[in-house]
1. Show that you can apply the helix-only estimate: for chain A, add -39,500 (n - 2.57) for every DSSP H stretch of four or more residues, divide by all residues, and state [θ] at 222 nm to the nearest 500.
2. Suppose R0 equals 30 Å; then what is the FRET efficiency for residue B:30 and residue B:202 from their Cβ-Cβ distance, rounded to the nearest 0.05?
3. What whole number of Å gives the distance from the Cα centroid of segment B:199-276 to the Cα centroid of segment A:300-348?
4. Pull out a ≥ b ≥ c, the square roots of the eigenvalues of the alpha-carbon gyration tensor of segment A:40-184, then state rounded if a/c is under 1.5, prolate if not and a/b is larger than b/c, and oblate in the remaining case.
5. Quick one: helix A:123-135 against the long Cα principal axis of chain A, what's the angle to the nearest 10°, folded into 0 to 90?
6. Binning at 5 Å from 0, report for chain B what percent of all alpha-carbon pair distances ends up in each bin.
7. What Kirkwood hydrodynamic radius do you get for chain A when you take the inverse of the mean 1/r over all pairs of distinct Cα atoms, in Å?
8. I'd like the orientation of helix B:184-208 relative to chain B: the angle between its Cα long axis and the longest Cα principal axis, in ° from 0 to 90, rounded to 10.
């Protein structure tokens, strides 16, 4: 089974092996047998922010209106009050379900999902976060609380495969650093409607799985040119987009179930939900996936129709799209949507080019 | 026997109230450079330089807020060097404008005694064996983290990270360490280390509280290397009970610690025992 992450010679040294062995011994010796976190090198690491894992809307308001000191004091005063689940909560539960299935089939494998809490919250707020994690019995053992500093640098250090946050700026920074990332949006109470036995992940195609090269053609030259272009280059694979590697990681885990004859009951299902139409521009997409050796369970070509109603039927634990227009459409009908701020789509809103305004240069700490 | 030399260029602190920190001269000035006999140029900067600068920033901020502040860092340079090098060390400190209050010259065998008699609150070295030796003798000691990335070094903020695996573990959990192969001597060493960490943590907590959450020249952190999240939470609360509200917390649970430490770039790493097991193995 090939590794999900490249082996870094420097990374496999005696000191790290000692830490790993100590952790293994620690978790093995625990009376309350909880699963120990996997070796990061082999795991699919998903970093979630505190605001995506838990609902911190009220607390956020205190932070914005009264400042950080009042906010931290408030959190400390309510330390023993568990937070309510946030928008990434259903996804985390689904990841945990997949992990239990994987552990049953492959008890000695480190190829699992590893969920890391990645937050720029102050460590004192951390106590409430850990208490909340305990309350819901989530398998999140690793966390990084940066006390106000940007967590982006730490994403690489934790070998993150996917980063989810509510902060669009951080997500953009992560993507620029080559890490798959998306901004999550709240959408009301959907948890009851989602599957608790199968993780469902839906992806848009252009500028999410694939680069935005074709989307540039649509925006700058129109649909007709786009169709002609896609037909002409049908056999030329598209370049990869920011979420391609995450789909790849999901595929590797899926194949572990297939290898044990569990294809029909595989707890991971992937969907492509694209505005492309099957007849004119769909072939290139399917051929690209094939050339990458990637499978997607269901490819849905909407030929420009709204994505919301279809997603409502699928009920994914997360849906990735680069265009806010589609994110809003998905949200309106109760789908958990995550925006991938990548490519030409960011400069347009509903087909119109956004006026370039002078942006303040923000200090990046 | 040691010889203590006061630095005339630096205002002497009230040693009873200050946070007296002893730093080995091999950390402040690069010992590996070939020292030509009789040379007089200033010694080359060592690993502890950004630490020395950061300490200065903290002291300056404290004094700006309160000119009568006594809870300041008071640095003693501890040197085992030969006599001919003494004046060069003092001159180099002056050349770089280092905030060193006193110079302590003694033999290597007498170092521990010097640290004890000078009631040092923390002994800092880049050598883990020296740190462990001091800890075992009951001298509070910590590792001066070798900052590998010169571009990430911070000189305008002092960063102190405490390791929390032992602080946050219950007696029962520590008992379980025997099964991991640790000897009684080593386990006793952890208990002693925990005691000395507490003293220094209390002082850091008090100093940290002089500043607000944002813009503080002193940044404190906690890292657990192999333990679960509950041990980390327990360590957070224990430190809080000692008066130290850390700013940052990292729970590795077996994930590699170096990439994180290389990003955090602490100046001081307070080992609570198990970080550098090699040092302890050598002692048992």
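1. Counting only the DSSP helices, I get -11500 deg cm²/dmol.
2. Numbers: r = 33 Å, r/R0 = 1.11.
Approximately 0.35, to the nearest 0.05.
3. 41 Å
4. Values: a/c = 2.15, a/b = 1.41, b/c = 1.53.
It is oblate, given that a/c is not under 1.5 and a/b is not larger than b/c.
5. 80 degrees
6. In order of increasing distance, the bins hold 1, 6, 12, 17, 19, 17, 13, 9, 5, 2, 1, 0 percent.
7. Working: mean 1/r = 0.0462 Å⁻¹.
The answer is 21.7 Å.
8. Long axis of B:184-208 versus the principal axis of chain B: about 70 degrees.
FYI, it's all coordinate maths here, none of it is from the lab. Worth saying up front: this structure is predicted, and the values here are computed from it rather than measured. Using ideal geometry, Cβ is built from the backbone for each residue, glycine included, and neighbour counts are taken over all protein chains shown.
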